[in-house]
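Data first, discussion second: the structure below is written as structure tokens.
The values are calculated or read from the model by the stated rules, or taken from the named source; none is laboratory data. Treat the numbers as computed from the prediction; the structure is a model and nothing was measured. All Cβ positions, even for glycine, are placed from backbone atoms using ideal geometry, and neighbour counts span all protein chains on display. Just the protein is used for accessible areas: all its heavy atoms, side chains included, with ligands, DNA and RNA removed. Shrake-Rupley method; radii C 1.70, N 1.55, O 1.52, S 1.80 Å.
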Amino acid sequence: MSSNILRPDYDGVIFYSASDLSTGSSLKAAEDRIDILLSLNSPFNINHILEFHNIIKLFETNVKLEAWSSDYYAELKRKANKLKEHIGRYVSNFDYNRFHDTYNATTTLYVSSFWDMFEHYGMQNTIPVDTFKSLLYADKRVLHHVLRRKKIVSKFDQLISNYMVINNKGAEVLINAYLVKHESNNKSYYIPNSLTIDKKTSIINSYIESENPNTNYLEMIIKGKKCSQLALNDRIRLAAKKKYNKIIEAVCSMNTGLKIGVNVVFKPIDELVTIDDKDCFEPRFTFNSSWIEENLDFPTLMNNFIHMFGFVDKFYRSSFPNNARACSLESFVGLKSLNAYPVDAAFEMRKMISTVIIMAYDAKLLEHNLRIEDLIEWFFQTYLMEEFNAKGFTYNSTSQSATYLEKARLLCSEIDSIIKQFSFFVTDKVIDQDLLEMSSSTPLFSQIKSFCNRKYGYLVDEELQRISKIFFSDQSALNYTDRTGDEYCTFYEMLCNERLIYDDFANYQQAIIDSLLSNDFLAYSSCGILKFSKERLAVLRDFFYNNVICLTYYDLPYVNKLIEQGKIKVENTLFSRPEYEYLDYMLNDQSFDNGDQLRNRYIHGSNTQSEEQHKQDYYKLLKIIILIVLKINEEFCRADDTWGN
């Protein structure tokens with residue numbers, strides 16, 4: 001039997017999860033369908049039965065539309081329970097001689113529901129083994145469905161294990177099960193107990209040696225964290241890397257690639273900076289060279305990283321990290337390892353831009369016999385002492401004549417030294433050089449404390465997180481109305497530009513509007529126009545796009561109330577969570593397995609031998625030190641005039 005089945009169309013009610021944004025519209029659809037379904041005469045087809053199953057699961061969530069009274073909701077649940085009788089009779093009289101035909105007659109919408117019902121009603125205990133085996137071997141997609149059902153795997157453990165050994169897709173299943181990150185609402189894979197470590201290793205090796213392995217899965221083998229259930233040694237990773245490179249080289253030789261780059265120019269212009277992004281794949285940044293040449297004092301040259309290059313925002317939050325909640329849909333497509341840092345094309349472009357800028361800036365300063373490292377050395381050894389009487393900070397600049405390999409290695413050591421120095425200063429208000437030299441441990445970026453006891457706030461309340469997605473996500477159920485069409489990317493944007501009334505929204509949307517009104521995020525103007533709470537949405541918007549708010553810049557009663565209620569978690573660290581996660585991604589391999597691992601590679605001598613790559617890495621490390629400098633500068637400036645420590 002071919003796996004390319006033309007399945008029938010069927011427009012039925014579907015249940016995803018109780019927390020899914022479609023639950024409200026699904027409940028409304030179930031309300032409209034339930035009497036129609038109960039009035040049908042048997043025999044029911046498989047799609048009727050699976051729709052019954054989905055409606056029952058919907059009402060088992062106990063989620064109720066606000067428009068429904070308690071009595072009406074109870075009546076709907078009673079009707080839904082009557083559908084169980086029809087499912088029970090259907091399963092009891094199921095004809096396994098027609099199992100293939102029934103499965104092929106299942107609409108695509110309900111294929112996953114088919115296996116849910118199969119397991120829920122214990123059909124794995126009544127189906128003949130040969131019947132189950134024939135479908136498993138005939139349709140390669142069945143394996144992914146059955147491995148998500150624990151009882152089915154337990155019943156057919158050895159049979160499924162044998163199939164995975166001979167099927168090329170078995171390796172992809174193992175990688176998905178052990179190495180790939182899945183959305184929280186996705187079920188886990190249940191791997192047969194009879195599939196030993198040796199068998200798994202054989203499956204992976206066979207996959208690497210196969211004719212056309214998927215490069216995404218090869219990348220998971222190369223970068224995936226080691227786990228006890230899947231023995232991926234260095235030989236296997238190397239074999240996967242060689243296969244991956246061979247495939248990529250073959251693709252590149254066809255000259256079908258897309259050119260992506262960044263142009264950075266320093267020349268006299270009227271503005272501080274202009275950006276030409278007509279070609280989004282090769283933007284051009286022009287910076288005012290006159291400003292630099294006329295302001296060669298170190299404070300201004302350092303401030304250029306803020307006001308000219310935008311390395312931090314007005315709250316001193318770094319522009320380098322990626323926001324997992326607000327980044328593009330592209331970042332969710334494809335395979336992501338369990339410990340992957342969220343990346344997408346926009347993040348990679350920003351990463352490239354900031355690196356090219358710092359390289360170009362260093363070259364510009366060199367025209368005046370200056371280097372960026374001169375600014376860093378001045379900051380630690382002169383500025384901190386003269387401005388704040390902060391004595392004892394040191395920084396060892398690299399030699400201009402050193403190779404980029406030598407420079408990169410020294411910068412890694414200096415990063416460790418800087419964060420140790422600052423940590424000692426926060427604790428002791430002085431740097432004890434003897435203690436610094438004796439200390440062999442370097443604090444994690446997440447453990448470095450701030451002078452301020454209440455520096456960052458993180459939104460931990462699930463309801464407020466849900467509400468922020470309604471207003472600011474491009475996937476919100478409120479982004480579209482018949483009157484506005486799809487003109488606006490977010491509900492918030494629509495509210496800012498349109499005079500919206502309650503009746504502009506469909507019935508399923510009105511249930512969401514009702515909840516926003518009851519929680520005071522929306523209100524009516526005197527003429528019935530929907531308006532939003534500016535203070536509340538300013539806070540939620542900041543959380544949504546940045547994952548963190550800087551509490552020292554906020555003095556809002558609403559924020560203080562959320563802190564008192566435990567809905568905002570307060571932390572007192574030098575770096576915000578997005579920042580220290582980004583630094584771990586760039587420098588280490590403890591938290592993420594898809595990062596640059598710069599510190600690990602240069603400290604442990606596992607770096608490449610390419611001088612051009614060493615140059616790129618040196619400037620990436622220099623960029624990180626500049627970020628550390630800007631964060632420490634904020635600490636001293638705010639401590640001196642605001643935090644009062």
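I'm checking my understanding of the structure. Among residues of segment 252-268 that are closer than 15 Å to residue 360 by Cβ and assigned to a loop (DSSP other than H, G, I, E, B), which one is modelled with the highest pLDDT? Top of the filtered list is 262.
The single condition among (1) open to solvent by 40 Å² or more (accessible area, probe 1.4 Å); (2) in contact (Cβ under 8 Å) with a residue 12 or more places away in the chain; (3) not in a helix (DSSP H, G or I) that residue 409 does not meet is (3). Look at residue 441 and say whether it is assigned to a loop (DSSP other than H, G, I, E, B) and among the polar types (S, T, N, Q). Against the criterion (assigned to a loop (DSSP other than H, G, I, E, B) and among the polar types (S, T, N, Q)), residue 441 qualifies. The set of residues in segment 366-404 being assigned to a helix (DSSP H, G or I), at pLDDT 95 or above and open to solvent by less than 60 Å² (accessible area, probe 1.4 Å) consists of 372, 373, 374, 375, 376, 378, 379, 380, 382, 383, 384. When 418, 431 are checked against the criterion of being surrounded by 15 or more Cβ atoms within 10 Å (Cβ to Cβ) and at pLDDT 95 or above, a single residue qualifies: 418.
Do we find that residue 317 is within 30 Å of residue 431 (Cα to Cα), surrounded by 19 or more Cβ atoms within 10 Å (Cβ to Cβ), of a type in the set (Lys, Arg) and at pLDDT 90 or above in this structure? Yes: the conditions hold for residue 317. The residues on offer are 58, 76, and the sole one that is assigned to a helix (DSSP H, G or I), over 30 Å from residue 135 (Cα atoms), in contact with a helix residue (DSSP H, G or I) (Cβ under 8 Å, 6 or more places away or on another chain) and open to solvent by less than 50 Å² (accessible area, probe 1.4 Å) is 76. Of the set (1) farther than 30 Å from residue 467 by Cα; (2) surrounded by fewer than 18 Cβ atoms within 10 Å (Cβ to Cβ); (3) in contact with a helix residue (DSSP H, G or I) (Cβ under 6 Å, 6 or more places away or on another chain), all apply to residue 87 but (2). Quickly run through segment 530-570 and pick out the residues that are charged (D, E, K, R) and either open to solvent by less than 40 Å² (accessible area, probe 1.4 Å) or out of contact with any Asp or Glu (no Cβ under 6 Å at 6 or more places or on another chain) (or both). Of everything in segment 530-570, those that are charged (D, E, K, R) and either open to solvent by less than 40 Å² (accessible area, probe 1.4 Å) or out of contact with any Asp or Glu (no Cβ under 6 Å at 6 or more places or on another chain) (or both) turn out to be 531, 534, 535, 536, 541, 542, 555, 561, 564, 569. Here residue 526 clears all of (1) open to solvent by 60 Å² or more (accessible area, probe 1.4 Å); (2) polar (S, T, N, Q); (3) part of a helix (DSSP H, G or I) except the condition numbered (3). A single entry from 624, 563 fulfils the requirement of being among the β-branched types (Val, Ile, Thr) and within 24 Å of residue 453 (Cβ to Cβ): 563.
To keep it simple, each residue is scored yes or no on (1) open to solvent by less than 40 Å² (accessible area, probe 1.4 Å); (2) touching a helix residue (DSSP H, G or I) at 6+ places or on another chain (Cβ under 9 Å).
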| site | (1), (2) |
| --- | --- |
| 202 | no, yes |
| 206 | no, yes |
| 217 | yes, yes |
| 245 | no, no |
| 283 | yes, yes |
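Of all the listed residues (580, 619, 585, 602), the sole one being within 16 Å of residue 449 (Cα to Cα) and either over 24 Å from the mean Cα position of the chain (by Cα) or in contact (Cβ under 8 Å) with a residue 12 or more places away in the chain (or both) is 580.
Look at residue 82 and say whether it is within 36 Å of the chain's Cα centre (by Cα) and either within 30 Å of residue 136 (Cα to Cα) or of a type in the set (Lys, Arg) (or both).
Details: within 36 Å of the chain's Cα centre (by Cα): no; either within 30 Å of residue 136 (Cα to Cα) or of a type in the set (Lys, Arg) (or both): yes.
For residue 82, the condition - within 36 Å of the chain's Cα centre (by Cα) and either within 30 Å of residue 136 (Cα to Cα) or of a type in the set (Lys, Arg) (or both) - is not met.
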